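J.: Just dropping this structure here.
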Amino acid sequence: MHTVTLIPGDGIGPEITEAAVQVVEAAGAPIQWDRQLAGMSAVDRHDTPLPDATLDSFRRNRAALKAPLTTPVGGGYRSVNVTLRQEFDLYANVRPALSFEGTQTRYGNVNLVTVRENTEGLYAGIEHYIKAEGKTIAAESIAVVTRSGCERIIEHAFRYARQTGRKKVTAVHKANILKCTSGLFLEIGREVAQKYPEIEFEDRIVDACAMQMAMHPDQFDVIVTTNLFGDILSDLAAGLVGGLGLVAGANIGREAAMFEPVHGSAPDIAGKNIANPTAMIIATVMMLDHLGEQAAARRIEQAVREVIREGKHVTADLKPGSICSTPEMAEAIAEKVRLAG
């Protein structure tokens, strides 16, 4: 039995969390949930977005499934996602983007993975205002890029490629302009690549990479990059396969791992039970793989793909005009999981 910290999150989070729990239970996976709060729901109850009980639970279980959390824009508390990644040194953010048969996109052959450095760069949170005569005249942010941080994320990308049978790693940077930070990342990428001669290595400048991803995504396999670039490119990759509602991510450290959908909390549709639960369910697939429960993971993944391909029980973002609810789509997936069990 695996005990996993479960954070239902904000907005649509509780709805898609219940959908994911239902599907995992249908698979018979040996999971015991330790429910905890974070984000706005935690502020309302505990006056803090990240209670000690939640941190203690994650520290104890070393595995978490987290729904989207609301982060105030331009003020308020710091991102709980960033805090968790740094608190538990979840240095590798792994976001696969795979095409789903039955979705309305212009691409049918996308199969790429973004491996994003998760604790450094411009998201290190080192920033301040510069004031003069009582006014803010500038704001500065410091991008922290360390040798050790670069080495471990690039090593992670190559190990992932080797373990999953992928053939190429692309290091994405802006070393033509950011000669120190991106320059160091590129330098270390070239060094690490020499230890994996069976895997092709290339590098791309980030803006050119974005254009090529939109034009010819089939040329990419594993992309490894720094924090901000990875955040942007992984969302672009999600757009190629049908949107954020279909993509999940893993946050991996040496001692702990957290799994989540990559979309936001969507407060505008919260409580309506119309949110697409796919990303949250795919997050459980990644979690089960991490915990060594591959058989359950494959049954769930196959069931999700069958339901989306058939298009009978999918939410309106996947099939315009559909009146299928979140619980109805979850039940359709759970039923296929049970039949395959």
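J.: Can you give me the number of residues within the stretch 147-173 that are surrounded by 13 or more Cβ atoms within 10 Å (Cβ to Cβ) and polar (S, T, N, Q)?
T.: The total comes to 1.
J.: Got at least one residue in the stretch 296-305 being under 14 Å from residue 17 (Cα atoms) and either aliphatic (A, V, I, L, M) or modelled with pLDDT under 95 (or both)?
T.: Keep residues of the stretch 296-305 that are under 14 Å from residue 17 (Cα atoms), which gives none.
No, the stretch 296-305 contains no residue that is under 14 Å from residue 17 (Cα atoms) and either aliphatic (A, V, I, L, M) or modelled with pLDDT under 95 (or both).
J.: A further question follows. Starting from residues that are in contact (Cβ under 8 Å) with a residue 24 or more places away in the chain and of a type in the set (Phe, Trp, Tyr), keep the ones in the stretch 115-171 and report whichever is farthest from residue 218 (Cα to Cα).
T.: 123
J.: Closer than 16 Å to residue 287 by Cβ, in contact (Cβ under 8 Å) with a residue 24 or more places away in the chain and touching a Leu at 6+ places or on another chain (Cβ under 6 Å), is that true of residue 65?
T.: When the stated conditions are applied, residue 65 passes them.
J.: Of all residues in the stretch 205-223, count the ones that are of a type outside the set (Asp, Glu) and within 19 Å of residue 94 (Cα to Cα).
T.: Of all residues in the stretch 205-223, those of a type outside the set (Asp, Glu) come to 205-206, 208-217, 219-220, 222-223.
With the extra rule that they be within 19 Å of residue 94 (Cα to Cα), the set shrinks to 206, 209-210, 213, 217, 219-220, 222-223.
Going through the stretch 205-223 one residue at a time, the tally reaches 9.
J.: For the stretch 266-295, give me each residue that is surrounded by 24 or more Cβ atoms within 10 Å (Cβ to Cβ) and small (Gly, Ala, Ser).
T.: 275, 279, 283
J.: On to the next question. Only one residue in 166, 116, 106, 152 is more than 30 Å from residue 58 (Cα to Cα), of a type in the set (Lys, Arg) and modelled with pLDDT of 95 or more. Which one? Let's see the steps before the verdict.
T.: On the way: 116 fails: more than 30 Å from residue 58 (Cα to Cα); 106 fails: modelled with pLDDT of 95 or more; 152 fails: more than 30 Å from residue 58 (Cα to Cα).
Sole residue among the options that is more than 30 Å from residue 58 (Cα to Cα), of a type in the set (Lys, Arg) and modelled with pLDDT of 95 or more: 166.
J.: Which condition from (1) more than 23 Å from residue 162 (Cα to Cα); (2) surrounded by fewer than 20 Cβ atoms within 10 Å (Cβ to Cβ); (3) among the aliphatic types (A, V, I, L, M) is the one that residue 206 breaks?
T.: Just one mismatch for residue 206, condition (2).
J.: If I ask for residues that are closer than 24 Å to residue 96 by Cβ and in contact with a His (Cβ under 8 Å, 6 or more places away or on another chain), which ones from the stretch 146-185 would you list?
T.: Passing the criteria: only 185.
J.: Still on this model: Looking at residue 236, is it at pLDDT 95 or above, more than 14 Å from the chain's Cα centre (by Cα), closer than 18 Å to residue 318 by Cα and surrounded by fewer than 24 Cβ atoms within 10 Å (Cβ to Cβ)?
T.: Details: at pLDDT 95 or above: yes; more than 14 Å from the chain's Cα centre (by Cα): no; closer than 18 Å to residue 318 by Cα: yes; surrounded by fewer than 24 Cβ atoms within 10 Å (Cβ to Cβ): yes.
Spelling it out, it is not the case that residue 236 is at pLDDT 95 or above, more than 14 Å from the chain's Cα centre (by Cα), closer than 18 Å to residue 318 by Cα and surrounded by fewer than 24 Cβ atoms within 10 Å (Cβ to Cβ).
J.: Out of (1) over 16 Å from residue 92 (Cα atoms); (2) in contact with a Phe, Trp or Tyr (Cβ under 6 Å, 6 or more places away or on another chain), what's the single condition that is false for residue 227?
T.: Every condition holds for residue 227 apart from (1).
J.: Moving on to the next point. Which of the residues belonging to the stretch 257-298 are outside any helix (DSSP H, G or I) and touching a strand residue (DSSP E or B) at 6+ places or on another chain (Cβ under 7 Å)? Can you show your working first?
T.: Within the stretch 257-298, the subset outside any helix (DSSP H, G or I) is 257-266, 270-277, 291-293.
Across the stretch 257-298, the qualifying residues are 257, 258, 259, 260, 261, 262, 291.
J.: Just give me the residues in the stretch 226-261 being in the same structural domain as residue 317 (by TED's automatic domain parsing) and of a type in the set (D, E, K, R), in sequence order.
T.: The answer is 254, 255, 260.
J.: Can you spot a residue in the stretch 202-221 that is more than 19 Å from the chain's Cα centre (by Cα), of a type in the set (Asp, Glu), under 21 Å from residue 119 (Cα atoms) and at pLDDT 95 or above?
T.: No, that holds for no residue.
The values are calculated or read from the model by the stated rules, or taken from the named source; none is laboratory data. What you are looking at is a predicted structure, and each value in this text was computed from that prediction instead of being measured. Note: ideal-geometry Cβ built from the backbone for every residue, glycine included; neighbour counts use all protein chains shown.
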